[in-house]
Structure formats: structure tokens, C-alpha cells
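Structure record follows, encoded as C-alpha cells.
The values are calculated or read from the model by the stated rules, or taken from the named source; none is laboratory data. Just so you know, these numbers come straight off a predicted model, no measurement behind them. We place every Cβ from the backbone using ideal geometry, glycine too, and count neighbours over all the protein chains shown. Each accessible area value is taken on the protein alone, full model and side chains, heavy atoms only, with ligands, DNA and RNA left out. Shrake-Rupley method; radii C 1.70, N 1.55, O 1.52, S 1.80 Å.
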Amino acid sequence: MDALKDKDGQAAYDFFLSAEEHEPEHPQVLFGKMLSLVELGRLEEAVEHTDSLLKEGIGDYFENLQVHISLLVQLGKYQEVVDILDAVLSENQFPSQFAESFYQLLHFSRQMVGDQEWLNQIETKDEPLPLELVEMLHSDSLELQSKALQHLRELDHKDATSAIVEFLHKKDRDYVLQSMAIKALEDKEYDKMIHIKKQGREKQIVPKDLNSDLQQDFHERLLTYISGELEHTDPLLYEITKQLSWTHLWSLYPFLPEPEEVKLWGDVFHYCGAERIGLDEDLEILLERYQFKHALFMEKVQEVKEIESSVYQIDTGYLNQNDET
């Protein structure tokens, strides 16, 4: 083990081979031998070794499985990863200490072999939603929750809608992921009332009847103002300001910012963007502009910073997939 810690794979391998002569089925010896093969870059041999450990039931099953799956991913054997983890998941749930890692590896491998083929298979079966999707949706990982919501949005499966509704009923959900869930229900034309709470504001909504034109109109007017102020004078600041505005409005959906003043919010996002890249002159101009509304202006600046720092940062490409909501 000392040789392994020193990254001396060959010495470690020789030591473990010697130990194996005395105790050929000792779990730590066999596991150490496998780790030595990994250190030496002999991954094909290492994965054969972990396969044997799993089949013979030597050592901790899930520790061995985690290493085995990681090796398969490194070797690009993504279909094997999917087949193995699907089989394990069909029999029982992953232990909590391994769950997030396994779900991440399974999702990544699915992407490599083609998510859509898997989703099409689900749609044609009159079975419960795959446990994998449900576990992803209710995991502690915001990334996994986001991926699960995107999959559920595409599914025509009878339980996909109820899974999204259940997600929204849980307390303290991330604002951006709430928005994704609401938009998914809009697309599915969900016609029942749900209760939404964000930033201390509450309302009852029927997703099918939501009028996203209001937010889209506000954002278009906001971008027009920001463009007029920055696009031709400072393209970098313009892009940063535009991104900040998108994150904030998407986080609040289906609410609009308060007060609904385009110029105020355009300048707030401008201020936050300028502060981020150290444009002191812009900051001074904006503070001078709002000297009589300083408290309100800085309150909204702080609001933007707090929301941006606390919400899941989703790729803006998702916005384009959702009809520029």
C-alpha cells in the first residue's frame, strides 16, 4: 500500500502478487492488485480483475462495482455500464453513499450510447417510470434533478407528469429547477392547479393557462434597453448583462420582477455586470443616475446577486429549446 501511495505501481503489483501466493482470496490483496494494474495503465487487465471480484463475491460488492464501472467508462465501454447498472438497479436501490456517483455514471453512459433510444423504449412500455429517473429527480444533486426534468419533459409516459408535479410540491426547490418543471407542465398542457412560492411571493397557477407572453414581452423590452445602452459601446459587458437578466427572469418565472420598470432593471443588471469586471466608471455613472433612489437601486442589485449565487446555472441553450420563454 505504501508503494501505491508513492505511485510506484510496479513495486506495488509485485508485493501484491507475493501476498497472493499466501492468501489467494484475501479481499484487500486482490483489490490492491487491481489498483496496481490501474496505476500501471493496464486497464483491460484491471477490469477483468474487478469483474472476477464481483462474480466471486470477494470484498465489498459496491466498492468493487464502483471501481469496475469507472474502469469501463475510461475504456469507453458505455453500453456495458448501462447494462450492468440497469441490472443492479432493477434488483435494488444503490446505497446512499454510492447513489450519486452511480447515477452520474449511468446518465453519462446513456448519453454516450444515445439517450433518445432509451427514452423511446420507455415510451412504448406500459410500466412505471424507471427508478433511475425517479431517484435522479429526488437526489440532492441539482445537476441530476435538471437532467431528470429534461428527460421527463420529453416523455409521453403516463407517470412523467405526476412525477414533475410531485417535484414541485416539495419545499425549498431551486428557483431555476422550479421554472423548468413549470415549463414542462405547460408543454404537457397540465390543467390542474398548483401552488408556486418564490422569493416570498406566492400564487396559484394552472400551467396550461399560463401566459408566458407577459414575461417574454418584458424581457424583450429589457433587452432592447440594454442593447441601446451597451451593445455597440461594450459588447462584453452587454453579453454579461444580458446573461444576468436571463438568469434572473428565468429564476422568477412565472413571476415578473418588482417593480416592473424596464429601465430600472436594465440599469441594475448593467451595474452587476460592470461590478463583475471592474468597470468603476460605469458604476459611478449608475450611482449618480439613481442618487435619489439609491436604497431601492442597491436593494435590487443585492437581490440579483443573491439569486444568481443561489440558483442552478443551467445552459442558456435550454431557454432556446423552450421558445424563448
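Some observations on this one:
- Here the chain is assigned +1 on the Cβ of each Lys and Arg and -1 on the Cβ of each Asp and Glu. Its dipole about the Cα centre then comes out at about 1060 debye.
- Taking Cα atoms only, the orientation of helix 175-187 departs from the longest principal axis of the chain by about 80 degrees.
- Lysine pairs within region 179-220, Cα separation less than 17 Å, 8 or more sequence positions apart or different chains: 8
- Nearest-ten-degree value, helix 61-74 long axis tilted from longest Cα axis of the chain: 70
- Per residue, the convex hull spanned by the alpha carbons of region 232-284 comes to 80 Å³.
- Most positive-pole-ward Cα, TYR290, GLN104, LEU149, against dipole of the chain from beta carbon charges: TYR290
- Under the criterion of Cα pairs below 8 Å and six or more residues apart, the relative contact order for region 179-251 equals 24 percent.
- Compared with the dominant principal axis of the Cα atoms in the chain, helix 78-91 is inclined by about 90°.
- Accessible surface of LYS33, taken over heavy atoms with a 1.4 Å probe and every protein chain present, rounds to 30 Å².
- With all protein chains in place and a 1.4 Å probe, the accessible surface of region 3-107 carries 47 percent carbon and sulfur.
- Accessible area expressed per residue, region 204-252, with surrounding protein chains retained (probe 1.4 Å, Å²): 48
- Straight-line reach from LYS33: taking Cα to Cα under 24 Å and skipping same-chain neighbours fewer than 8 places apart, the lysines in range are LYS5, LYS7, LYS55, LYS77.
- Size of electric dipole in region 146-297: Cβ of Lys, Arg +1 and of Asp, Glu -1, about Cα centre, debye, nearest 20: 860
- Over the chain - Rg/Rh using Cα atoms and the Kirkwood inverse-distance radius: 1.11
- Estimated Rh, region 233-320: Kirkwood, alpha-carbon pairs, angstrom: 13.5
- Note on region 164-220 and region 234-261: Cα centroid distance 18 Å, given to the nearest whole angstrom.
- Rounded, prolate or oblate (a/c below 1.5 giving rounded, otherwise prolate when a/b exceeds b/c) for region 177-260 by Cα gyration tensor: prolate
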